[in-house]
Amino acid sequence: MAQLDGEERQAYVQAMFNRIAQRYDLINRLISGGQDMKWRRIVVEKAALAPEGSLLDIAAGTGDIAFQALKTAPAARVVGADFSLGMMQVGKGRAPFGQRVAWTGADALRLPYADSCFDAVVSGYLMRNVVDIARALGEQWRVLKPAGRIVILDTSPAPDNLLKPLIMLHLKHGIPLVGRLVGGKAAGDAYRYLPESTQAFKTPQELADLVKVAGFSDVEFKTLMFGTMAIHWGVKRG
């Protein structure tokens with residue numbers, strides 16, 4: 001599954017998220033031990049959104065990051081973009097913020113927004129799934145205002161240390177098992193894709209280098225969950 005390329009991979013990922021939309025939030029809470037909500041709070045903190053600023057959440061899913069942004073800055077303009085209509089439909093029905101997010105069907109490689117129109121662009125588990133990381137970063141640069149901030153939350157390959165065997169056991173068997181028990185076969189299949197795509201993804205430093213190449217400055221990252229999760233952030237200068 002993770003070895004798929006181009007439009008075939010895009011279609012697979014889109015269909016996968018549509019299938020698991022109803023159970024997505026619950027499964028994420030279980031496999032992360034509830035830590036995923038903490039990570040999303042950090043994402044919004046690093047976005048440094050002004051009280052009446054504008055934020056684009058790409059791969060918004062069911063809205064966790066977008067909702068956290070509205071909790072932090074209730075008067076902000078928050079746009080949630082995703083190519084999974086099923087995920088956004090779930091998010092739109094979630095109280096109390098579902099109706100306050102401007103939901104948009106969008107492709108991360110061809111964002112339907114004008115240049116320089118957002119103060120912050122954030123994403124959760126997007127970059128691991130795009131077929132062209134450089135192009136996705138270029139689009140985020142384009143829609144950001146000067147001095148705007150980019151924040152990226154995504155999984156990272158398990159680092160080589162003493163914990164790696166246990167981490168791999170959890171990734172390959174524990175996560176798919178939880179997915180299957182909670183969400184049935186479709187979720188089990190989806191959460192087999194997660195560890196496969198994670199191990200094939202960039203290391204935190206490699207992703208940071210790509211963010212810098214895209215033109216962002218002050219690029220930093222923080223690793224979490226024994227190095228299997230990372231949050232990157234940077235600023236659009238010029």
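The values are calculated or read from the model by the stated rules, or taken from the named source; none is laboratory data. Computed from a predicted model, the values in this text were never measured in an experiment. Because the Cβ atoms are built from the backbone with ideal geometry, glycine has one as well, and the counts that use them run over all protein chains shown.
How many of the residues making up the stretch 56-81 are within 15 Å of ALA106 (Cα to Cα) and touching a strand residue (DSSP E or B) at 6+ places or on another chain (Cβ under 7 Å)?
Residues flagged as within 15 Å of ALA106 (Cα to Cα) and touching a strand residue (DSSP E or B) at 6+ places or on another chain (Cβ under 7 Å) within the stretch 56-81 amount to 11.
If GLY238 satisfies every condition in (1) buried (at least 18 other Cβ atoms within 10 Å of the Cβ); (2) at pLDDT below 90 but one, which is the exception?
Just one mismatch for GLY238, condition (1).
With respect to SER217, is the statement that it is within 22 Å of GLY53 (Cβ to Cβ) and among the polar types (S, T, N, Q) true?
So SER217 fits the description; yes.
Looking at the stretch 65-80, is at least one residue surrounded by fewer than 23 Cβ atoms within 10 Å (Cβ to Cβ), in contact (Cβ under 8 Å) with a residue 60 or more places away in the chain and outside any loop (DSSP other than H, G, I, E, B)?
Scanning the stretch 65-80 turns up no residue that is surrounded by fewer than 23 Cβ atoms within 10 Å (Cβ to Cβ), in contact (Cβ under 8 Å) with a residue 60 or more places away in the chain and outside any loop (DSSP other than H, G, I, E, B).
Please enumerate the residues belonging to the stretch 93-108 that are crowded, with 16+ Cβ neighbours inside 10 Å and either in contact (Cβ under 8 Å) with a residue 40 or more places away in the chain or farther than 24 Å from ALA50 by Cβ (or both).
Result: VAL101, TRP103, ALA106, ASP107, ALA108.
Would you mind stating whether PRO157 is buried (at least 18 other Cβ atoms within 10 Å of the Cβ), out of contact with any strand residue (DSSP E or B) (no Cβ under 9 Å at 6 or more places or on another chain) and more than 20 Å from MET16 (Cα to Cα)?
Yes: the conditions hold for PRO157.
So which residues in the stretch 86-121 are in a helix (DSSP H, G or I) and touching a Gly at 6+ places or on another chain (Cβ under 6 Å)?
Of everything in the stretch 86-121, those that are in a helix (DSSP H, G or I) and touching a Gly at 6+ places or on another chain (Cβ under 6 Å) turn out to be MET87, GLY91, LYS92.
Which pairs have Cβ atoms under 8 Å, sit 6 or more apart or on different chains, and link a residue in the stretch 205-234 that is part of a loop (DSSP other than H, G, I, E, B) to one that is of a type in the set (Phe, Trp, Tyr)?
If the second residue must be of a type in the set (Phe, Trp, Tyr), the pairs left are ALA214/TRP141; GLY215/TRP141.
Out of PHE201, PHE226, which single residue is surrounded by 18 or more Cβ atoms within 10 Å (Cβ to Cβ), closer than 20 Å to ILE42 by Cβ and either over 18 Å from the mean Cα position of the chain (by Cα) or among the hydrophobic types (A, V, I, L, M, F, W, C) (or both)?
PHE201
Considering only residues that are basic (Lys, Arg) and part of a strand (DSSP E or B), look in the stretch 122-154 and name the one that is surrounded by the most Cβ atoms within 10 Å (Cβ to Cβ).
ARG149
For LEU85, are the conditions met, namely being under 27 Å from ALA230 (Cα atoms) and modelled with pLDDT of 95 or more?
It is false that LEU85 is under 27 Å from ALA230 (Cα atoms) and modelled with pLDDT of 95 or more.
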